[in-house]
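One structure is given here, and the rest of the page talks about it.
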Amino acid sequence: MATIDSLFVTKVYRAEITGAKGERLLHELETACLSIAEDDTAGQRWCAKNGYPGYTSYASLDDLPWRIPVFADLAKALDSHVAAFAKEVDFDLGGRKLVLDSLWINILPPGGIHTSHIHPHSVVSGTYYVTVPDGAGALKLEDPRLGFMMAAPPRRAKAKPESRPFVYLAPSPGTVILWESWLRHEVPINEAETNRISVSFNYAWR
Ligand SMILES: [Fe+2]
């Protein structure tokens, strides 16, 4: 009788923030994200200069949770999800904590993509999804061992999720997805006719 172990596992955390609190967060965040995108001329300039489709507050606003209460409410909710994820992956934080280091708005227009990247200088990263129209891109995650695979055969079309080199997670409004910050990911093209709105964030170990 053979034994098969799953070692060096890459965990991805998903939760839905629902109920009255979740509805309020979605509603208030959508309004806040759109109005900030409209007012943040420094951010708009950065996006235009860097060929960023749509809008991100990443380079222009670093204090959303201090500036606007609904982002503080979101940050508080995220803290408990990040703590649960840290427990699941057996982090030994040794008296230090995982703390929210940055949090930013993404507004991805129809036809927009966000190419493959990792989140340096942090430990846990993730996204909270605010507005996800039909056809808006899923989150595409890449097997971190892809560069080591050399002559390995491809995987069957119906491979188990844990055997696939790429995995697509389709979020809904209110979904939180967390991963370790080294995990490469991208947002494929937004094929919807309207904006996809999300809030992404990094947690650092301090
Ligand atoms: Fe990202």
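What the table below lists for this structure:
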item: Flag if Ala59 is without any contact (Cβ under 8 Å) to a residue 40 or more places away in the chain, surrounded by fewer than 18 Cβ atoms within 10 Å (Cβ to Cβ), within 30 Å of Leu146 (Cβ to Cβ) and of a type in the set (A, V, I, L, M); result: yes
item: Selection count, segment 38-54, where residues are open to solvent by less than 20 Å² (accessible area, probe 1.4 Å) and farther than 13 Å from Leu108 by Cα; result: 2
item: Failed criterion for Thr127 (all others in (1) open to solvent by less than 40 Å² (accessible area, probe 1.4 Å); (2) polar (S, T, N, Q); (3) away from the ligand (no atom under 12 Å from the Cβ) hold); result: (3)
item: Selected residue (only one of His27, His81 is modelled with pLDDT of 95 or more and either of a type in the set (S, T, N, Q) or under 18 Å from the mean Cα position of the chain (by Cα) (or both)); result: His81
item: Given (1) modelled with pLDDT of 95 or more; (2) in a helix (DSSP H, G or I), index of the condition Trp66 fails; result: (1)
item: Only listed residue being polar (S, T, N, Q) and either over 18 Å from Leu108 (Cβ atoms) or under 19 Å from the mean Cα position of the chain (by Cα) (or both), chosen from Ser57, Ser35; result: Ser57
item: Selected residue [open to solvent by 40 Å² or more (accessible area, probe 1.4 Å), over 25 Å from Phe71 (Cα atoms) and within 15 Å of the ligand (Cβ to nearest atom)] from Glu162, Glu142, Glu193; result: Glu142
item: Residue check for Ala77: assigned to a helix (DSSP H, G or I) and surrounded by 15 or more Cβ atoms within 10 Å (Cβ to Cβ); result: yes
item: Gly51 out of contact with any Gly (no Cβ under 8 Å at 6 or more places or on another chain), modelled with pLDDT under 95 and part of a loop (DSSP other than H, G, I, E, B); result: yes
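The values are calculated or read from the model by the stated rules, or taken from the named source; none is laboratory data. Because the structure is predicted, anything quoted here is derived from the model rather than measured. As a convention, Cβ positions derive from the backbone with ideal geometry for all residues, glycine included, and neighbour counts pool all protein chains shown. What goes into the accessible areas is simple: the full protein's heavy atoms, side chains included, and nothing from ligands, DNA or RNA. Shrake-Rupley method; radii C 1.70, N 1.55, O 1.52, S 1.80 Å.
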